Ligand code: AMP
């Protein structure tokens, strides 16, 4: 008997701080479906001062809810391929990037391997992840039972105000396609 492939709900974190940043995020949204990752919901876009002490332009960040049949490591391969297609070349750790795609959550999965940790290791501490995530999933409960809103409430005022709304919505065209 052949069993139906299972659809998994995943949250992806997008970031870009090189080139046409908004177009780079749009590139990800447009090309994810061809990689087997159907975008169900897209958060507003936020602008974020960069982390890690490397002088570089501000990031644009966005969170997507998507569904996919890909297993976690195949999903990682798919998003890494997309980063390359968007023109990302390896740079210094914390350095500027055309497109960064992080797997934040994958169903209720907790998973750790050399290449992949789910939930994303830093997501509970990053305002630029939590603010857009809460916009599309205000009641979200993370694996282990903690609410995403509680993580956000723990951040400092400075961390929260460093993440500023950049674009409220997608273009009408794209919004209708989701
Ligand atoms: P980055 O600098 O964000 O592209 O991430 C560097 C590496 O982190 C990737 O090549 C992945 O192997 C690893 N990684 C571990 N966990 C994750 C995750 N949840 N999402 C994306 N990358 C991850």
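Just subtract the alpha-carbon distance of residue 30 and residue 149 from 0.36 nm times their residue separation and send over the number in nm, one decimal. Could you put the intermediate results ahead of the total?
On the way: separation 119, 0.36 × 119 = 42.84 nm, distance 2.88 nm.
Between residue 30 and residue 149, full extension yields an extra 40.0 nm.
Quick one: if you stick a label point 7 Å off each Cα along the C-beta vector at residue 108 and residue 158, how many nm between them? Modelled inter-label distance: 3.8 nm.
Taking 35 Å as R0, compute the FRET efficiency from the Cβ-Cβ separation of residue 165 and residue 115 and round it to 0.05.
On the way: r = 33 Å, r/R0 = 0.94.
For R0 = 35 Å, the calculated efficiency reads 0.60.
Rg/Rh for the chain (Cα atoms only, Rh after Kirkwood) is 0.94. Extension gain for residue 74-residue 40 works out to 10.3 nm (0.36 nm per residue, less the C-alpha to C-alpha distance). Hey, how many Å between the Cα centroid of the range 38-82 and the Cα centroid of the range 141-161? Each part reduced to its Cα centre gives a spacing of 18 Å. Gaussian network model of the chain, Cα springs within a sub-10 Å range: biggest mean-square fluctuation belongs to which of 12, 165, 130? Maximum among the listed residues: 165. Using the rule -39500 (n - 2.57) for each DSSP H run of four or more residues, divided by the residues of the chain, the 222 nm mean residue ellipticity is -8500 deg cm²/dmol.
Values in this text are rule-based calculations from the coordinates and carry no lab data. Source: prediction; values computed, not measured. Positions of Cβ are generated from backbone atoms using ideal geometry, with glycine treated the same way; all protein chains shown enter the neighbour counts.
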